[in-house]
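The structure appears below as structure tokens.
The values are calculated or read from the model by the stated rules, or taken from the named source; none is laboratory data. Note that this is a predicted model, so its numbers are computed, not measured. We place every Cβ from the backbone using ideal geometry, glycine too, and count neighbours over all the protein chains shown.
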Ligand SMILES: [Zn+2]
Ligand SMILES: [Zn+2]
């Protein structure tokens, strides 16, 4: 059984339980390692990030747990970091000697206006109308430009939920993923991903939350990734202890059918392959 998760939130950001509660549950499930990836603090207001004043406490707490559970479970301290040019990115957190970094795009930005493609639908809809004038192509290009900026300027270890722009946009633009321009754009982005060597996360949160039928990225994209030889890492993006291995049983057989027999997992300083 695949017992790994390196994408986990906690009560330090928008997760629901303490880091120790996740570890207790992971140990009960039989995990030998577990990684935390709180939303990195941002230099502007955001309710779902670790607040600046709690950031040291977050790092200290994970380090304490590393010692407390040594020999029982390997605990890793990571962050989920956005890339917004000149504002935030993995390089800004280098000094904290994190075990790894997940790079995820949650924001788009135009003319100095920034808004979330994630979060409440109403906020997305407002930004889409007011900042992007309901121009779906402009929004999508802006999102994937940030993905490519990540890879070129400030590469993370894992690329998190990389087609998440579809989350709310699919409601406004049904059939988005079948549109030719979208598919062509994704092909170009996948070439950038392949050239960068970054590991792409397979993220199941959309499925267990009931937002999507497929993981991020969608199975059609995962098939192309396989053809390009891109490495993957399956993670749950858990915000609650009940979500640690949610939907793994549903997604792993599909990944295997696509040809992915292995996932990348973090193991004492290195990303290694492990069989599903
Ligand atoms: Zn995220
Ligand atoms: Zn996350």
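Things worth noting here:
- Qualifying residue in the stretch 178-189 (condition: within 26 Å of residue 99 (Cα to Cα), surrounded by 15 or more Cβ atoms within 10 Å (Cβ to Cβ) and touching a residue at least 40 places away in the same chain (Cβ under 8 Å)): no
- Scope the stretch 233-265; condition within 16 Å of ligand 2 (Cβ to nearest atom) and either on the phi > 0 side of the Ramachandran plot or in contact with a strand residue (DSSP E or B) (Cβ under 6 Å, 6 or more places away or on another chain) (or both); matching residues: 233, 234, 235, 237, 238, 244, 247
- Close Cβ contacts (under 6 Å, 6 or more residues apart or on different chains) running from residues in the stretch 153-171 that are over 19 Å from residue 183 (Cβ atoms) and touching a residue at least 12 places away in the same chain (Cβ under 8 Å) to residues that are in a loop (DSSP other than H, G, I, E, B) and within 14 Å of ligand 2 (Cβ to nearest atom) comprise 160/104.
- Filtering the stretch 148-166 to residues that are farther than 18 Å from residue 212 by Cβ and part of a helix (DSSP H, G or I) leaves 148, 149, 150, 151, 152, 153.
- Residues that are surrounded by fewer than 18 Cβ atoms within 10 Å (Cβ to Cβ), modelled with pLDDT of 95 or more, touching a helix residue (DSSP H, G or I) at 6+ places or on another chain (Cβ under 7 Å) and more than 19 Å from residue 147 (Cα to Cα) occur in the stretch 96-104; there is at least one.
- Unmet requirement for residue 75, which otherwise passes all of (1) within 20 Å of the chain's Cα centre (by Cα); (2) not in a strand (DSSP E or B): (2)
- In the condition set (1) within 22 Å of residue 233 (Cβ to Cβ); (2) in contact (Cβ under 8 Å) with a residue 40 or more places away in the chain; (3) within 16 Å of ligand 1 (Cβ to nearest atom), residue 31 is compliant with all but (3).
- Residue within the stretch 94-105 that is assigned to a helix (DSSP H, G or I), more than 15 Å from residue 243 (Cα to Cα), touching a residue at least 12 places away in the same chain (Cβ under 8 Å) and more than 14 Å from ligand 2 (Cβ to nearest atom) present: yes
- In the set (1) touching a residue at least 24 places away in the same chain (Cβ under 8 Å); (2) within 16 Å of ligand 1 (Cβ to nearest atom), residue 123 fails one condition alone, (1).
- Scanning the stretch 5-24 turns up at least one residue that is part of a strand (DSSP E or B), surrounded by 16 or more Cβ atoms within 10 Å (Cβ to Cβ) and within 16 Å of ligand 1 (Cβ to nearest atom).
- Taken over the stretch 52-71, residues that are assigned to a loop (DSSP other than H, G, I, E, B) and more than 17 Å from residue 266 (Cβ to Cβ) amount to 1.
- Of the helices (runs of 4 or more DSSP H) lying entirely inside the stretch 173-276, those carrying at least 3 residues that are within 30 Å of residue 11 (Cβ to Cβ) are 205-208, 248-258.
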